[in-house]
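A.B. asks: Dropping a structure here in structure tokens format, bear with me for questions.
Computed from the coordinates by the stated procedures, all read-outs in this text should not be read as laboratory data. The structure displayed is predicted, hence computed values, not measured ones. Here the Cβ positions follow ideal geometry from the backbone for every residue, glycine too, while neighbour counts run over all protein chains shown.
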Amino acid sequence: MALQRAKGDGHLLNLYETPPEATQALLRAERLPKVLWENSCGPGAIVRVLRAAGHEVLATDLQDYKSPDQDLAQFDFMLQDRLPFPGIEAIVMNPPFNRANDFVRKSLELCPRVYALLRIQYFESTGRTDILDQLERAHVFSNRLPLMHRHGWDGPRATSTQCFAWFVFNRFHLGPTSLYRIRWEPIE
């Protein structure tokens, strides 16, 4: 079976918008701090859910999606050496899959708490042991998330074959990682 490729900037930037159900499941599983940063916000899928739940969220991205849910465009997260605003307590993100290690490492440099939506295979690697040593817990989805199609995808919609988890990193974590199972519920 041939793979169809999306066209446009979303293809180059590896943009797969997070289903709102995934962020709602995180909110049920974790007590998130009030002030958050979404450093790879895209058009704002995670941001919208967090703000609707009462969180203050700084939404930045390298690309300008001309979205009302994006605060700063052309903002290169990887060039930052400190948090962009005081008071940010955690980073919540669905990082570009092809740069997940870089994004998680950089996030932990800047902020002690990081919540990242990643494929479950993220556990499997000796090349990211330094990151996984800071993994406090993971919330593994027991049901497959609605498929995250690449931005600009105009092909058929399908269900996901990938298992995802919310990885909760803590720069100061010592000890084993706790695993939990969570479910997403359809939005009515």
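A.B. asks: Let me have the relative contact order for the stretch 6-143, percent, based on Cα pairs under 8 Å that are six or more residues apart.
C.D. replies: 20 percent
A.B. asks: For L26, L108, what's the fewest-to-most ordering of other Cβ within 10 Å of each Cβ?
C.D. replies: Going from least to most buried by this count: L108, L26.
A.B. asks: Simple spin-label model, 7 Å along Cα-to-Cβ: L27 to L72 in nm?
C.D. replies: Roughly 2.5 nm, to one decimal.
A.B. asks: Something else about it: Work out the length of the dipole vector of the stretch 10-182 about its Cα centre, built from +1 on the beta-carbon of each Lys and Arg and -1 on the beta-carbon of each Asp and Glu, and round it to the nearest 20 debye.
C.D. replies: So the dipole magnitude of the stretch 10-182 works out to roughly 460 debye.
A.B. asks: Please rank H139, H55, H173, fewest neighbouring Cβ atoms within 10 Å first, as an exposure proxy.
C.D. replies: Going from least to most buried by this count: H173, H55, H139.
A.B. asks: Another question, then. How would you rank I88, I120, I46, going from fewest to most other Cβ atoms within 10 Å of each one's own Cβ?
C.D. replies: I120, I88, I46
A.B. asks: Please work out the C-alpha center-to-center distance from the stretch 32-53 to the stretch 77-117 and express it in whole Å.
C.D. replies: The stretch 32-53 and the stretch 77-117 have Cα centres separated by 13 Å.
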